[in-house]
Amino acid sequence: MLRFRLFGFPVTVEPWHWLILAFIGGALHIQEREDILRVMLFMMAGFASILIHELGHALMSRLFGCRHVAIVLHGLGGAAISQGANFTRSQQIFISAAGPALQACCGGASLVLLLLLPRSFDGPAASLLYAFVWVSLFWALINLIPVHPLDGGQILREALGPRRIQLTLKISIVVAVVVGVLMFLLTRSLLFPIVLGFTAWQNYKMLRASEQRGW
Ligand SMILES: [Zn+2]
C-alpha cells in the first residue's frame with residue numbers, strides 16, 4: 001500500500017487502484033512491448049488525474065475549516081474523507097464540485113498544451129499527456145452526472161435537501177440506467193454499465209429503506 005503526504009494531506013493508494021487502472025488501460029490486450037508502455041503511461045496519467053480530483057475536494061474542505069482530510073485512492077476512483085467536519089449544504093455543494101472542476105481545469109490546460117506543441121512532439125511524453133487529457137475530461141464529466149453517490153449526485157442531494165432524498169434516489173436510478181445503456185452503446189465495454197447498474201441497485205435499496213421508514 002503506497003502512502004505519502006501531498007499539501008499536508010495523508011494519501012493512501014490501495015493496490016486495487018493500480019489493478020483497475022491497468023484493466024481500463026488495456027492490460028488484458030497486451031501483445032507487444034509497446035503495449036506494456038502504453039498501459040503503464042495510462043496508469044500514471046489516471047493516477048495523477050484522480051489524485052488531482054480528490055485534491056480538489058480536500059482543498060475545498062480545508063478552505064471551509066476542516067483540518068483533518070485524508071485522501072484514499074481505491075478501486076474505481078477515490079475519496080477525500082473529512083473527519084470532524086460539519087459542513088453546510090452549500091459548502092457540501094462547493095466541496096463536491098471542486099474535485100471535477102480542478103480535474104477538468106488541469107485536463108483542459110493539458111489539452112491546450114497538446115494543441116500548442118509542434119506535431120513533431122510525440123513518444124511517451126505525448127502519450128502520457130494525451131492519456132491525462134482523456135482521463136481528466138472523461139472522469140470529471142462522468143462524476144458530474146446526477147447519480148448518488150457520484151459528485152453530481154451529492155450536489156443533487158444537497159440542492160434538493162434531506163426532505164427530498166427519495167426524489168434524489170429516483171433521479172439517480174433513472175440517470176444511472178440511461179447513462180449505463182448509452183455508455184454500452186458508445187464503448188461496447190461492460191465495465192461502466194456494470195458499475196452504474198450496481199449504483200442504481202444500491203440507490204433502489206436506499207429508496208426502499210427510505211419508503212419503509214416513511215421519509
Ligand atoms: Zn469526486
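Computed from the coordinates by the stated procedures, all read-outs in this text should not be read as laboratory data. Quick caveat: nothing in here was measured; it's all calculated off a predicted structure. So basically every Cβ, Gly included, is an ideal-geometry build from the backbone, and we count neighbours across all protein chains shown.
Here are some notes:
- Each peptide in 146-157, 39-50, 10-21, 179-190 was scored by the mean count of other Cβ atoms within 10 Å over its residues; highest first, the order is 146-157, 39-50, 10-21, 179-190.
- Site pair VAL181 and LEU6 shows an inter-label distance of 3.7 nm when each label is modelled 7 Å from Cα along Cα→Cβ.
- Between LYS170 and LEU191, full extension at 0.36 nm per residue minus the direct alpha carbon distance yields a gain of 5.3 nm.
- 25 °C / 0.890 mPa s Stokes-Einstein diffusion coefficient of segment 106-215, Kirkwood radius on C-alpha pairs, µm²/s: 154 µm²/s
- Hypothetical label at GLN212: residues of segment 141-183 whose amide nitrogen lies under 17 Å (7 Å Cα-Cβ projection): 166
- Where N is the number of residues in segment 117-180, Cα Rg divided by 2.2 N^0.38 Å: 1.64
- Take the Cα of LEU160, step 7 Å toward its Cβ, do the same at ALA70, and the gap between the two points is 3.2 nm.
- Applied to segment 130-146, the Karplus parametrisation 6.51 cos²θ - 1.76 cosθ + 1.60 on θ = phi - 60° returns per-residue 3J(HN,Hα) values of 4, 5, 4, 4, 4, 4, 4, 5, 5, 5, 5, 5, 5, 6, 8, 5, x Hz, with x for Gly and Pro.
- Descending by average beta-carbon neighbour count within 10 Å, the peptides 192-205, 87-100 line up as 87-100, 192-205, the highest first.
- Taking the Cα atoms of the chain, the ratio Rg/Rh between the radius of gyration and the Kirkwood radius comes to 1.00.
- Remark on LEU76: its backbone amide H falls under 5 Å from none of the residues 5 or more positions apart or on other chains, H modelled at 1.01 Å from N.
- With Cα atoms, 0 to 90° folded angle of helix 165-187 axis to the chain main axis: 30 degrees
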